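Structure first, then comments.
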Amino acid sequence: MSVRPNSPAARDIAYHLHPYTNARRHEEQGPLIISEGEGVMVRDDQGNQYIEAMAGLWCTALGFGEQRLVKAATAQLAKLPYYHSFAHKVPEPVIDLAEKLIELAPVPMSKAFFANSGSEANDTAVKLIWYHNNARGRPEKKKIIGRIKGYHGITIASGSLTGIPVNHTDFDLPIANIVHTGCPHHYRFAQDGESEEDFATRLAAELEQLILDEGPETVAAFVGEPLMGAGGVMPPPATYWDKIQRVLRKYDVLLVADEVICGFGRTGSYWGCNTFNIKPDIMTMAKALTSGYVPMSAVLISDEVYQPIADNTAKVGNFGHGFTYTGHPLAAAVAMETLKIYEERDIVARVRGLMGPFQERLRRFADQPLVGEVRGVGLIGAVELVADKASKALFDPPGKVGAYFVGRAQAHGLIVRPLADTIAVCPPLIISEAEIERLFDAFGQALDDTQAWVSSEGLASVA
Ligand SMILES: Cc1ncc(COP(=O)(O)O)c(C=O)c1O
């Protein structure tokens, strides 16, 4: 791509360090500048339209033009644009939102704490767990278990919980007291002939062994996404969560459910915890909480977690945790309106109605020579591309074919996300059945193009 001097693209290259971007490649190719959005569509600055099949970054559940959220935001900005929640103060919408989230929680929860991103929510969960155990007089019970390929964000603690090498390499992560257990992806990690149930039994046994090796008196919590998202969209194998929870209860290990992607209908129930029968002590959420329109995240804690924390704040004299934007009134007002819309439009019923056609269209790609596995639940799914279908061999180097696919998808008017060579799809929940058809038509064209390119480059052992 040639970049005109002093164009927006040239200025982006000159002044902007992009997240999750190869900076040197960006200097050569420049950005895709997205200017407008409406429904499930976005438009770039050249007037090209795309189906945004990732809801941005798994977040714009209500699409890109929900005027009720715009109105809720402007009304709140006009009334009270900023206030905080430190030292007993609070803006009104934050009270409404805390009450609403406690009402919506899949298990009895006691208090909501607000932050601005999924990473901050998970960092807060880690700090609350450490504080809780100090308050209970067991300062040695501090280790937190994440999972290989789990994704919990990129700040120091949540980035440590994340189990993806690129988030650790050269960032000096993970920090101490964070350990990782096995990834529950049957296609990649089950042994030959191992059923989903046997795989889940083995993973639970591995978790138990890890806890025993570390010393149960040192293990405080386990953090997991109900369905793993950014690691490759991996639904858990049958019986996994039942078996994992049994181990956690046995060793008095708290369970943190990271609902940042799964929450608010994505998996066909209100929470991923409902879909997979998870009973967490702590939940974190973000993204669809405001349909992505304003940054906001929340942490819900059970009463058992809360009480020692509250006692300790009285002992210390203060609770030394909170952000300038904890419970921002703009974000809280937009979140409240978002939750109201989910309720009025019965977003869960909508997802249940669409997930059949969505998953069926996705699974039609399973027979393609480049496709190793197709997987998903509700309105989230992925297609894993492989160099060899029979042996499940990965492409070398990983990510090159995924990047090519995404480029071809873009040429066909579709934005999807490569997670190495796994292509994720996670559209706004307001998508229509006709738009699902268009999405997968464009996906199929990109797959055909990728197949032709892989064959011509000799990248795979496929016909
Ligand atoms: C499950 C999960 N947790 C946490 C995060 C981190 O959220 P943020 O990027 O808002 O920090 C993400 C982001 O994709 C996520 O998918």
**OP:** Excluding residues fewer than 8 places away in the same chain, name every one of the lysines whose C-alpha is closer than 19 Å to that of LYS392.
**Re:** LYS149, LYS400
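Could you look at the chain and say what percent of its accessible area is carbon and sulfur, using a 1.4 Å probe and all protein chains?
On the way: 10700 of 20100 Å².
Solvent-exposed carbon and sulfur of the chain make up 53 percent of the total.
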Subject >> Flagged links, alpha-carbon separation over 18 Å, of LYS89/LYS340; LYS71/LYS340; LYS143/LYS250; LYS287/LYS340 >> reply: LYS89/LYS340
Subject >> Alpha-carbon centroid distance for the pair the range 41-99 / the range 171-229, whole angstrom >> reply: 35
Subject >> ARG43/TRP453 FRET efficiency (R0 22 Å; Cβ-Cβ; nearest 0.05) >> reply: 0.25
**OP:** Could you work out the local net charge near LYS340, counting Lys and Arg as +1, Asp and Glu as -1, over the other residues with Cβ closer than 11 Å to its Cβ?
**Re:** -1
**OP:** Run the 1.4 Å probe and let me know the accessible area of SER119, rounded to the nearest 10 Å².
**Re:** 20
Original post:
Along the positive direction of the dipole of the range 1-159 (beta-carbon charges: Lys, Arg +1; Asp, Glu -1; about the Cα centre), which of ILE102, GLY56, THR21 reaches farthest?
Top reply: ILE102
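Given R₀ = 35 Å, what would the calculated FRET efficiency be for GLU344 paired with ALA205, taking r from the Cβ atoms and rounding to 0.05?
My answer for the efficiency is 0.15.
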Original post:
For the chain, which longest stretch is free of loop sites, where a loop site is one of the trypsin sites (Lys or Arg not before Pro) that DSSP puts outside H, G, I, E and B and that has at most 16 other Cβ atoms within 10 Å?
Top reply: 137-344
Subject >> Within the chain, helix-based [θ] at 222 nm, where runs of 4 or more DSSP H residues each add -39,500 (n - 2.57), nearest 500 >> reply: -13000 deg cm²/dmol
**OP:** Enter the accessible area per residue of the range 229-383 (Å², integer; probe 1.4 Å; all protein chains in place).
**Re:** 35
Subject >> Where TYR251, TYR83, TYR342 fall by accessible area, highest first, once all protein chains stay in place (1.4 Å) >> reply: TYR83, TYR251, TYR342
Subject >> Area accessible to solvent at VAL3, 1.4 Å probe radius, in Å² >> reply: 50
**OP:** Please list the non-local residues whose amide H lies under 5 Å from the amide H of GLY150, H modeled 1.01 Å from N, same-chain partners needing a gap of 5 or more.
**Re:** GLY163
**OP:** Give the distance, in whole Å, between the Cα centre of the range 355-373 and the Cα centre of the range 271-304.
**Re:** 29
Subject >> Lys, Arg +1 and Asp, Glu -1 on Cβ, resulting dipole of the chain about Cα centre, debye, nearest 20 >> reply: 740
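The values are calculated or read from the model by the stated rules, or taken from the named source; none is laboratory data. Just so it is clear, the model here is predicted, and its values are computed rather than measured. Note that each Cβ is placed from the backbone with ideal geometry, even for glycine, and that neighbours are counted across all protein chains shown. Accessible surface areas use protein heavy atoms only, side chains included; no ligands, DNA or RNA. Shrake-Rupley method; radii C 1.70, N 1.55, O 1.52, S 1.80 Å.
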